[in-house]
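Okay, structure first, notes after.
The values are calculated or read from the model by the stated rules, or taken from the named source; none is laboratory data. Every value quoted in this text rests on a predicted model; they were computed, and no experiment measured them. Here the Cβ positions follow ideal geometry from the backbone for every residue, glycine too, while neighbour counts run over all protein chains shown.
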Amino acid sequence: MKNKILIIGCGRLGASIANHENELGGNVIVVDEDERSFDRLDDSYSGYKIAGDATDQTVLENAYVKTASEVIITTGDDNINLFLAHLCSKIYQVPQVYVRFNDPEKSLLILGMNVHAIYPFELSLNKFTAMENGGEGK
């Protein structure tokens with residue numbers, strides 16, 4: 001499987017990204033501890049789903065992390081996300097890693113790495129600002 005996109009965490013953000021990448025024809029693999037979280041995926045989702053703890057390297061390796069072109073980490077725990085970002089970047093040398101953080105201070109811990117931070121509050125603020133200024137959504 002070429003150009004694999006591994007998504008860790010199948011909450012609203014992870015499932016939305018998985019659905020989007022699947023629609024674009026990506027080879028998507030989603031990992032989440034709670035098998036019920038896969039209910040958030042569209043009926044048309046045709047990628048892989050793996051129920052397991054992504055902090056367990058065996059689970060990551062079963063999800064083809066070694067050959068993933070990108071990993072998107074969206075669990076609700078900043079510390080787990082940070083750990084996984086370092087693991088994917090440094091140990092597995094995934095070319096592109098995206099990680100969700102609620103705390104912007106965590107960005108200091110990924111400086112100089114091929115890890116890109118996503119901050120939900122920042123995205124919401126940008127959307128609000130655009131709407132307030134007569135942009136999209138008004």
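Please go through region 106-117 and give me each residue that is in contact (Cβ under 8 Å) with a residue 24 or more places away in the chain and assigned to a strand (DSSP E or B), ordered by number. Once the filter is applied, which keeps residues that are in contact (Cβ under 8 Å) with a residue 24 or more places away in the chain and assigned to a strand (DSSP E or B), region 106-117 yields only Val115. Is it true that some residue in region 108-115 is small (Gly, Ala, Ser) and either modelled with pLDDT of 90 or more or closer than 24 Å to Ala18 by Cβ (or both)? There is no residue in region 108-115 that is small (Gly, Ala, Ser) and either modelled with pLDDT of 90 or more or closer than 24 Å to Ala18 by Cβ (or both). The requirement of being buried (at least 18 other Cβ atoms within 10 Å of the Cβ), assigned to a helix (DSSP H, G or I) and in contact with a Leu (Cβ under 9 Å, 6 or more places away or on another chain) is fulfilled somewhere in region 42-65, by at least one residue.
Quick check on my filter: what residues within region 68-82 are within 13 Å of the chain's Cα centre (by Cα) and not in a strand (DSSP E or B)? Of everything in region 68-82, those that are within 13 Å of the chain's Cα centre (by Cα) and not in a strand (DSSP E or B) turn out to be Thr74, Thr75, Gly76, Asp77, Asp78, Ile80, Asn81, Leu82. For residues that are among the charged types (D, E, K, R) and either surrounded by 14 or more Cβ atoms within 10 Å (Cβ to Cβ) or in contact with an Asp or Glu (Cβ under 6 Å, 6 or more places away or on another chain) (or both), scanning just region 95-135, find the one that is nearest to Lys4 (Cα to Cα). So the residue we want is Arg100. Contact annotation: residue pairs with Cβ atoms under 6 Å, 6 or more positions apart or on different chains, pairing a residue in region 65-94 that is over 20 Å from Gly11 (Cα atoms) with a partner that is modelled with pLDDT under 95 and part of a loop (DSSP other than H, G, I, E, B), are Ser69/Asn3; Ser89/Met113; Ser89/Asn114. Condition first: over 13 Å from the mean Cα position of the chain (by Cα) and in a helix (DSSP H, G or I). Now tell me which residues in region 86-105 satisfy that. Answer for region 86-105, where residues must be over 13 Å from the mean Cα position of the chain (by Cα) and in a helix (DSSP H, G or I): His86, Leu87, Ser89, Lys90, Ile91, Pro104, Glu105.
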